[in-house]
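Here is the structure we will look at, set down as structure tokens.
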Amino acid sequence: MRFKIFPKRWQSIAAVVAALAVVGFVGLRGATADRQANPPANVKVMPSSYPGAHHGYSAMIKQVVPAVANISSTKMVKEQTGQIPDDLFQQFFGNQFGFGGQGRQFNMVPNQPQEQRETGTGSGVIVTPDGYILTNNHVVEDASEVQVTLHDNRQFKAKVIGTDPRTDVALIKIDATNLPTLTLADSSKVEVGDIVLAIGDPFGVGQTVTQGIVSATGRSLGSQIEELENFIQTDAAINPGNSGGALVDDEGHLIGINTAIVGNSGGNVGIGFAVPINVAKHDMDEILAHGKVDRGYLGVSIENVTPALAQAFHTTTAGALIGDVTPGSPADNAGLKQGDIVTELNGQAVPDRDQLRFRIGTMDPGTKVNLKVLRNGNPMNVSITLGNFPENEEQASNSNSNSGQPSSGLSGVSVQALTPEIARSLKIAPQTRGVAVSSVSQSSAAFEAGLQEGDVIMEVNRQPVSTVGEFDRAVSATPKGSPVLLLVNRGGTTTFIAIQ
């Protein structure tokens, strides 16, 4: 690079310009300093040392995050070996070997189950100074080893004290003292619109804090996530790894244990769920006292009262409809019957089946409860002493039957006679009377109402049916504009379905 030397006369001019610039700059700085020292009366100047200049939740978060830990669990699972999936094999080799789309077998140890180590990560909340930690059951379920990493990077082996799969709550313990803890709030006082913060270790990237509001309370998804659901819903970002972490209010008090998200991608879409801390604390107290969580038990299958069912039963859509009563159960002993609609529990309205299920499930066995029910449209009171929820109560399962001759009594539905062989295949009692559903058109109102292949229709409009002819006549006798009310046996459990 070449430099040009200015002639002397230009050098003199340049010197004068530079001097003027220096004088102007110094004057400007002086004027600015003078304005800062003596601002106009209507202008407020905030010094950089102003204590309130830093807004947000940082002060509170510094107190809260040390009580949220990372949890790593390890379990051994058996996996099939000896076969490469078709798509993976062809991704590298194509179909040049002429396997016709079949996976390739390696017969060193063909298809022999082998144990594989599987690890997972989640979060937990320290609730006592001596090391008790609340988390989710699914974080530590079936784990052979659980390791806890604290905020200060200390690591401990943890012992699983007890779990409650029905609410997805677990209590674990580490051998430590003087640990930071969170103050437990009263989650029954949480309201929609409250500001909340979610704290955990999403995707294993490290402790993370997100902020949002309470989107809903008492949220249930029809037991799609847990058996007993009464979630706090929030739009604070909750992602995989946040499970078991803290949901706190704007004062840092613990209101919930983060447990689930909704989203096809597996990531946050603004719909997250937390188990209310009142529920988690109840589980913790039960585990510490008894080593497990005992829950109240009625012994009924229940369903929501849909508009069609309400019309058929001549009632409103509020309440829980009893579809089946377990013989010998507290409900059976108290005289509850199939078709009763529970509208109140201990003087409080029962809006739907999920609330009845949750409220009974959070009571202790031996508790006396008073139910208000509608039977054939007539109100009555029933007093029941709750039993202890069975450890291995089987859930109803769906089955398929063999196809039979079509029936035109109900549009889109084909039924056939129920033989002892069909009853056995559908896992129902051989003395059951009714007709078996052999097919349901997906375009039919019956399909929309929930009728399935393999269902056994025992009643039509509260009248028993034992043959295809009785079924057709009962359906045909339904008044125009009224729903067809079916009593259906599905895998041994009965339920009502109303088809408009």
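The values are calculated or read from the model by the stated rules, or taken from the named source; none is laboratory data. On a predicted model such as this, the values are computed, not experimentally measured, just so you know. Methodologically, a virtual Cβ is constructed for each residue, glycine included, from the backbone with ideal geometry; neighbour enumeration extends over all protein chains shown.
Identify, from the list VAL140, VAL146, VAL160, the residue that is free of Cβ contacts under 8 Å to residues at least 24 places away in the same chain and more than 20 Å from VAL248 (Cα to Cα).
Going through VAL140, VAL146, VAL160 in turn, the sole match is VAL160.
When the residues of segment 120-133 are filtered to those that are among the hydrophobic types (A, V, I, L, M, F, W, C) and touching a Leu at 6+ places or on another chain (Cβ under 6 Å), which remaining residue is nearest to SER243 (Cα to Cα)? Can you show your working first?
First, the residues of segment 120-133 that are among the hydrophobic types (A, V, I, L, M, F, W, C): 125-127, 133.
Now restrict to residues that are touching a Leu at 6+ places or on another chain (Cβ under 6 Å): 125-127.
On the way: VAL125: 11, ILE126: 14, VAL127: 16 Å.
Result: VAL125.
Being under 30 Å from ARG490 (Cα atoms) and charged (D, E, K, R) is the filter; apply it to segment 251-310 and report the residue that is surrounded by the most Cβ atoms within 10 Å (Cβ to Cβ).
ARG295
Taking the options VAL440, VAL382, VAL369, name whichever one is in the same structural domain as PRO479 (by TED's automatic domain parsing), modelled with pLDDT of 85 or more and among the aliphatic types (A, V, I, L, M).
On the way: VAL382 fails: in the same structural domain as PRO479 (by TED's automatic domain parsing); VAL369 fails: in the same structural domain as PRO479 (by TED's automatic domain parsing).
From the options VAL440, VAL382, VAL369, the qualifying one is VAL440.
Mind checking which residues of segment 143-157 are farther than 14 Å from LYS75 by Cβ and under 25 Å from the mean Cα position of the chain (by Cα)? Before you say what the answer is, go through the steps one by one.
The initial filter retains those residues of segment 143-157 that are farther than 14 Å from LYS75 by Cβ, namely 148-157.
Matches in segment 143-157: VAL148 only.
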